[in-house]
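Rule-based calculations on the coordinates, nothing more; no lab input. These numbers were taken from a predicted model, which means no experiment stands behind them. Glycine also receives a Cβ, built like all others from the backbone with ideal geometry; neighbour counts cover every protein chain displayed.
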C-alpha cells in the first residue's frame, strides 16, 4: 500500500451527495471560484489560482509541485504516504477534483506565466510557487 489515506494511483472519487454542483473529471469550477490576490505578512503579493483539471496546469508547474510533494513524502514528517508519487501520476492525482496553487505575483503576471505569454525561456516554477492545497472526495460507498 503506497499511502495511509488513499492510493494516488487509483481513480479519483467524485462527490455524489449534498448540494450541487457535483464536479466530475474536467468540470469547470463554479463562477464564484476565481483567482484571488493576497498580500502576505512580509508584503509579498501572491495569487491563489484554483484548478479543477490537470489539463489546465502547465507541465513545468506539475513537475515542480510533484517534486515538492515528494520531498515531503521522503522526509516522512507531514504527508501520510510511504512512497514518492511518479511524476506522470502526480497531476491526475493532485488535480482530479479541486486544487489551489499559490504563486508569487499579481494576477496578470501569474496568468501570463500560466499561459506562457512573454516568456522566451522556461519558467522557474520553484521561484514562484509558494504552495498548494487540494480537496479530495473520500467516498467509500456507504
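If packing is taken as the average number of other Cβ atoms within 10 Å across a peptide's residues, how do 39-48, 92-101 rank, most packed first?
On the way: 39-48: 12.1, 92-101: 21.0.
Ranked from most to least packed, the peptides come out as 92-101, 39-48.
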task: For the range 36-135, report the translational diffusion coefficient in µm²/s to the nearest whole number, using Stokes-Einstein at 4 °C, 1.567 mPa s, and a Kirkwood Rh over Cα pairs.
output: 91
